[in-house]
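Report on the structure given below.
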Amino acid sequence: MDEHGATMPSAGVAFADLPTSGFIRRLTFLSAMGLFLDGYDLTIISVALLFIKSDFHPSAALVGLVGAAATGGMLLGSLIFGNLTDRFGRRTMYLLDLLFFVVFTLLAALSQNMVELIIFRFLLGIGLGADYPISSTLTAEFAPTRRRGMLLVMTIAFWQVGAVVSYLVSLALLHTGPEAWRWMLATGAIPAILVMWGRRSIPESPRWLMAKGRSDQAMQVATKVAQSAGVTLSTVDNAGLSGSGTPPRLANFGRLFQKNLIRVTIFAALGWFFFDVGNYATVVFTPTILDHLKGATLASSVEASLALASFALVGLIIVFLIVDRVGRKWLQAIGFLGLGLVFITMGLLVHPAFGLFLGLFFILTLADQGPGSLTYVYAGEVFPTSVRATGHGFATAVSRVGALLGIFVLPVLMATLGLSAGLILFGICDLVGFGLTVWLAPEPKGQALANG
């Protein structure tokens, strides 16, 4: 109101400052469910492998290929679909990527031999990998700046929710017979179909539309989102959507290595790479690792794995609550340091008892949640709109190279040099991740997304 008591017209709210409305929460949930499926699938295969080995009697190399197949598909899916998402839009890919997962998940469950299983799991991985850059980019581009870190952490946190649910499903199916692994794999298609249906109502990203020169459509979408939150949007010139005035730029991988982006590209890709070397291997083979310890049984190994996955949610809740207050950089750095030290400690123990090793695994799980969530968050924040999904897809693909390395190396090391060698290797990788974070990481907290 002015000095005479008259109501002043509202200046409107910038798009990046909109409240966290029901639409934003629904979008975040639907994006998070893509990560849920990855956590569900990667974790349930870790239990299914125990049955697959009894059913098909594969060599150690084939076991490694089954464990790594979906991750290999994710490498390809994130690389290709990330770039396609920048070229053709977020919404189109958001609707299609899970189709790969549904079709090939069901085919994997029907596999008659190891070759079929490996091929189908590779193909379902393409859909999972595609969802990483698509969901992260769409969530980041709709999220309010002051809550962006929290919403992206919530998205990646559903990976762990998927892991917990998969262990519960595994326990329910554990005693259904030698074909239990088929039911374990097939159940992943159910939530995927529901998520595909829910995503139909999500509009195109106004930031992407603006970057493509489609300003009228961008403002239509942004205005509807603002209205759903009960506020008035600012004009295009100050809504936080307008670009630099230059023509739309083509999304290509070469731009990631230009002078203004190469530092964040190296950081986002290599930091995630060194994290996933140990992370994916320990997730895929957690029941197998615990099953090797003194005093372990099949049921106790799966139950302990469930407890670890559930405990991870505690760490994620902590990160969720503080990420937009303390920032990303030091949360990730401290997590990397903790992971490195605990991995090396576990590796130096000689014939540890089940209880002691499990206790250290709990500490490891807590430390994991810093870099486990923030490598994903960083990749969604540090690139400009025109190459945001391409950059995230590239970082995801590089991280999956690390994941594949860990998944292949751990069974070989366990069979030759022993589990300790693998754990020490993972610890060294995490200490390298700590150094990269301290040296190269920017701090996106409170910063607007780059629109170039």
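The values are calculated or read from the model by the stated rules, or taken from the named source; none is laboratory data. None of these values were measured; they are calculated from a predicted model. Every residue, glycine as well, gets a Cβ built from its backbone with ideal geometry; the counts of neighbours run over all protein chains shown.
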Review point. Could you give every pair whose Cβ atoms fall below 6 Å, whose first residue belongs to the stretch 407-425 and is touching a residue at least 24 places away in the same chain (Cβ under 8 Å) and under 15 Å from residue 60 (Cα atoms), and whose second residue is of a type in the set (A, V, I, L, M) and surrounded by fewer than 21 Cβ atoms within 10 Å (Cβ to Cβ), counting only separations of at least 6 or pairs across chains?
Key: 411/60; 415/60
Practice item. Would you check which residues across the stretch 169-209 are in a loop (DSSP other than H, G, I, E, B), over 21 Å from the mean Cα position of the chain (by Cα) and hydroxyl-bearing (Ser, Thr, Tyr) and list them? Key: 176
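Select from the stretch 315-330 the residues that are within 13 Å of residue 438 (Cβ to Cβ) and either within 17 Å of the chain's Cα centre (by Cα) or among the acidic types (Asp, Glu) (or both) and list them in ascending order.
Within the stretch 315-330, just 328 meets the criteria.
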Check your understanding: Taking the stretch 343-382 as the search range and keeping residues that are out of contact with any strand residue (DSSP E or B) (no Cβ under 8 Å at 6 or more places or on another chain) and aromatic (Phe, Trp, Tyr), which one is nearest to residue 422 (Cα to Cα)?
Key -> 343
Exercise for review: State all residues of the stretch 317-362 that are under 24 Å from residue 267 (Cβ atoms), out of contact with any Phe, Trp or Tyr (no Cβ under 9 Å at 6 or more places or on another chain) and of a type in the set (A, V, I, L, M); if no residue qualifies, say none.
Suggested key: 318, 319, 322, 323, 326, 331, 341
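Among the residues of the stretch 142-153, which ones are surrounded by fewer than 24 Cβ atoms within 10 Å (Cβ to Cβ) and in a helix (DSSP H, G or I)? Don't jump to the end; show me each part of the working.
Our first condition is that a residue be surrounded by fewer than 24 Cβ atoms within 10 Å (Cβ to Cβ); within the stretch 142-153, this holds for 144-147, 150.
Within the stretch 142-153, 145, 146, 147, 150 meet the criteria.
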Exercise for review: Within the stretch 107-146, work out how many residues are aromatic (Phe, Trp, Tyr) and farther than 25 Å from residue 190 by Cβ.
Suggested key: 1
**Study point:** Within the stretch 281-356, helices (runs of 4 or more DSSP H) holding 3 or more residues that are surrounded by fewer than 18 Cβ atoms within 10 Å (Cβ to Cβ) and at pLDDT 80 or above
**Key:** 298-326, 329-348
**Study point:** Qualifying residue in the stretch 394-410 (condition: crowded, with 22+ Cβ neighbours inside 10 Å, over 30 Å from residue 143 (Cβ atoms) and β-branched (Val, Ile, Thr))
**Key:** yes
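Looking at 398, 387, 409, 432, can you tell me which residue is outside any loop (DSSP other than H, G, I, E, B), over 16 Å from residue 275 (Cα atoms) and among the β-branched types (Val, Ile, Thr)?
Numbers: 398 fails: over 16 Å from residue 275 (Cα atoms); 409 fails: over 16 Å from residue 275 (Cα atoms); 432 fails: over 16 Å from residue 275 (Cα atoms).
Criteria check complete, one pass: 387.
Any chance the stretch 72-87 includes a residue that's closer than 20 Å to residue 305 by Cβ and of a type in the set (A, V, I, L, M)? So that I can check it myself, show each step before the final result.
Initial filter on the stretch 72-87 (closer than 20 Å to residue 305 by Cβ): none.
Taking every residue of the stretch 72-87 in turn, none turns out to be closer than 20 Å to residue 305 by Cβ and of a type in the set (A, V, I, L, M).
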Exercise for review: With the condition kept exactly as written, say whether any residue in the stretch 115-126 is under 18 Å from the mean Cα position of the chain (by Cα), more than 25 Å from residue 53 (Cβ to Cβ), touching a residue at least 24 places away in the same chain (Cβ under 8 Å) and in a helix (DSSP H, G or I).
Suggested key: yes
Review point. Given the conditions (1) of a type outside the set (S, T, N, Q); (2) surrounded by 20 or more Cβ atoms within 10 Å (Cβ to Cβ); (3) closer than 30 Å to residue 142 by Cβ, and given that residue 167 satisfies all but one, which numbered condition is not satisfied?
Key: (3)
